[in-house]
1. As an exercise, use a Förster radius of 35 Å and the Cβ-Cβ distance of R145 and E23 to find the FRET efficiency, rounded to the nearest 0.05.
2. Which percent of the accessible area of the chain is formed by carbon and sulfur heavy atoms (probe 1.4 angstrom)?
3. Using a probe radius of 1.4 Å on heavy atoms only, what accessible surface per residue do you get for the chain? Whole Å² is fine.
4. Where both partners of a DSSP beta bridge lie in the chain, what percent of those bridges are antiparallel, to the nearest 5?
5. Please sort through the DSSP H helices of the chain and keep those with an alpha-carbon extent of at least 18 Å along the long axis and a Kyte-Doolittle average not below 0.0.
6. If you average the sequence gap of Cα pairs under 8 Å that are 6 or more apart and divide by the length of the chain, what percent do you get for the contact order?
7. Taking the highest mean first, how do the peptides 82-95, 139-152 order by number of other beta carbon atoms within 10 angstrom per residue?
Amino acid sequence: YDCSGHGTHTMGTMVGQGRGPGEQIGMAPGATWIALPGICEGTMPGGIRDDIGGLKAFQWLLCPTDLSGDLSTADCSKAPDVVNNSWGSANPVNDVFRPAIQRLRAAGIAPVFAAGNPDAGVGSIGSPASIPEAISVGATDSEDRVAYFSGRGPSFYPSEQKPELSAPGVDV
């Protein structure tokens, strides 16, 4: 379920195969992927419930269960290698997800987040992309300039330069 209208863009950036043999448009064409609707608008709207949904999603990613959610079915060997998310708070000091992201890193899972879309300037990179343990990605336009809407560093955290990467994100 694409709750924000840019799922095909983000999925293409992640795992897009291209139209012809050997044509690669994504970072990991052919990779196996799953989607979690845990914090989409309308599924857990507003305030602390969004944070709870996000934390539940991170817990599941660390050690997936079957569809029942019963913890006795947890199989940590099915955890992903990479988590890619283009959601987040425009508040760069929101630290609620930092412990979960630290646990992902400790489990060998790379957490990748969009820098955010705050229509702002310097220091506007959102959370959790601003968190030191997260890998953050900004958006560029067709002239390889930072997109007008893309969150920018530096991070709220001292000595953290964010985003680490930037990639095409306008009219993709």
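The values are calculated or read from the model by the stated rules, or taken from the named source; none is laboratory data. Just so it is clear, the structure is predicted and the values come from calculations on it, not from any experiment. Cβ: placed from backbone, ideal geometry, glycine included. Neighbour counts: every protein chain shown. In case anyone asks, the SASA skips ligands and DNA or RNA and just uses the protein heavy atoms, side chains included. Shrake-Rupley method; radii C 1.70, N 1.55, O 1.52, S 1.80 Å.
1. Once rounded, the FRET efficiency stands at 0.85.
2. 56
3. Averaged over the residues of the chain, the accessible area is 59 Å².
4. 15
5. Once both thresholds are applied, what remains is 47-62.
6. Once divided by the residue count of the chain, the mean separation gives 14 percent.
7. Result, highest mean first: 82-95, 139-152.
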